Amino acid sequence: MSELITKAKKAKRAVTDLITKSISQKNQALQFIADQLIQDTPYILQENKRDIEHAQAAGLHDSLVDRLILNEQRIKDMAEALEQLTFLPDPTGNVLETLKRPNGLMIEKVTVPLGVIGMIYEARPNVTVDASSLCLKTGNAVLLRGSSSAIHSNKALVSVIHKALEKSDLPTDSVQLIEDTSRDTAAQLFKLNEYLDVLIPRGGKALIQAVVEHASVPVLETGAGNCHVFIDESADPQMAIDIVLNAKTQRPSVCNSIETVLVDEAWAKEHIKELVEILIERGVELRVDQNIHELFPSLFLATEEDWQTEYLNYILAIKTVRGTTEAIEHINQYGSKHSEAIITESEENVRFFFQLVDAAALYHNASTRFTDGFEFGFGAEIGISTQKLHARGPMGLPALTSSKYIIKGKGQIRE
């Protein structure tokens, strides 16, 4: 029997035990994991170093290596997210709706765990902890399949989680890591309907498309982040520059960083020079349209591919547009329905933008970097959904539940 099937069976059996656990038992387990992460930080960093050295030897760009890096602060952040989860209410067992039928039947719609969740993800070892903690809090088991680039980090983190779960009332088998990172194993995971209730991909566009196209297991689609900031004619210059810098350079390797800035022509006449110069000063490589290229001929002239690309790097495309309508048309054509922002002092343009832009998260005068489960107060996230069914945006605890109907009667039979 393959490692995949063996661990999937263990996760399936663990669900039956998990469902019976109280909120206090689940919260205690999360606190144990948070404490264990801090206690075992040297071990985690030692194993993470192996992944980092391998990535650097392979010549990966610094921004891609950054997605792999764990340090003391990032481990503390993971532990803090776990502790925040313990203060959040249990989303399972809630009565969403109560109906009393004319025949006396009482019907309740109640929230329940999804079951066994398959996670397939690239780099970012923090996903190992985020996914595990969210699943445990909601009574779900999780089958994790990370990438080969983070295998040592993921193995270390799961061993820490198991060590903590052994002290708790929750089954250790509820968190499983598939250590075989081959494509063949991933392909088997896509078809594991007998054991998995849902599959969640988290990574680049190619991974997500592969899962959506080939999986027979139901998929909760998380999306790549080709995100935009639109600087309207009335935008405050300093605010616009600050938001663009934050949304691009604060951490360019993540999906809620921006890849394109759209600038109203009227704003550009007065302020584009300052924006371009400060971006260059911060080390951002720019791909610009013809209008900006005439002012800065040394910059790369943007191609069609640049408007479509999620760089996850210190690369940014800039385009001038004639008003809000043209900006919206560009975003809806090239955006990935993730996070989009408008910088403006016009309430009318804000309403227009919010009404017509199709994305999971829309911002007015704020950075797109806030599209994040922790920043939204969810404790953590299992991914950011860009689809419209079941869940959209950062997926916290409620997104990991479904519902069932409970019907209570007194001997009723159907005529």
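Positive-end ranking of ASN246, PHE230, SER147 along the dipole of segment 130-252, with charges on Cβ about the Cα centre, is headed by SER147. If you model segment 48-151 as an ellipsoid using its alpha carbon gyration tensor, with each semi-axis the square root of five times an eigenvalue, the axes come out at 41, 15, 9 Å, biggest first. Here is how the number arises for the chain: DSSP H runs of 4 or more residues each give -39500 (n - 2.57), the sum is divided by the residue count, and the result at 222 nm is -13500 deg cm²/dmol. Accessible surface computed residue by residue for the chain, with neighbouring protein chains in place and a 1.4 Å probe, gives 45 Å² per residue.
The residues neighbouring LYS248, those whose beta-carbon lies less than 10 Å from its own, together hold a net charge of +2 under the Lys/Arg +1, Asp/Glu -1 convention.
Taking each of LYS205/LYS404; LYS49/LYS337; LYS9/LYS137 in turn, the alpha-carbon distance tops 23 angstrom for LYS205/LYS404; LYS49/LYS337. Between helix 237-249 and the chain there is an angle of about 50 degrees, using the helix long axis and the longest principal axis of the Cα atoms. At 1.4 Å probe size, with the rest of the protein present, what percent of the exposed accessible area of the chain is carbon and sulfur atoms? Roughly 50 percent of what the probe reaches on the chain is carbon or sulfur.
Across the protein chains, with a 1.4 Å probe defining accessible surface, the residues LYS319, LYS248, LYS100, LYS163 rank LYS100, LYS163, LYS319, LYS248 from largest area downward. Heavy-atom accessible area with a 1.4 Å probe sorts LYS76, LYS109, largest first, into LYS76, LYS109. Annotation: amide H-H contacts under 5 Å for SER402 (H modelled 1.01 Å from N, sequence separation of 5 or more, or interchain): VAL112, LEU114. Within the shell defined by Cβ-Cβ distances under 10 Å, the residues around GLU345 carry a net charge of -4, with Lys and Arg each +1 and Asp and Glu each -1.
A cut-off under 13 angstrom between Cβ atoms defines the neighbours of LEU136, and their net charge, with Lys, Arg +1 and Asp, Glu -1, is -2.
Calculated from the alpha-carbon coordinates, segment 167-229 shows an Rg and a Dmax of 14.4, 47 Å respectively.
Structural descriptor for the chain: relative contact order 20 percent, calculated from alpha carbon pairs under 8 angstrom and at least 6 residues apart. The length gained by stretching the chain between ASP180 and ILE5 to full extension, at 0.36 nm per residue less their Cα-Cα distance, is 61.8 nm. Take every Cα pair under 8 Å whose residues are at least 6 apart in sequence, average their separation, divide by the length of segment 264-389, and the relative contact order is 19 percent. Against the main long axis of the alpha-carbon atoms of the chain, helix 323-334 sits at an angle near 50°.
The values are calculated or read from the model by the stated rules, or taken from the named source; none is laboratory data. Note that this is a predicted model, so its numbers are computed, not measured. No Cβ is skipped: glycine too gets one built from the backbone with ideal geometry, and neighbour counts run over all protein chains shown. Side chains included, ligands, DNA and RNA excluded: accessible areas come from the protein's heavy atoms. Shrake-Rupley method; radii C 1.70, N 1.55, O 1.52, S 1.80 Å.
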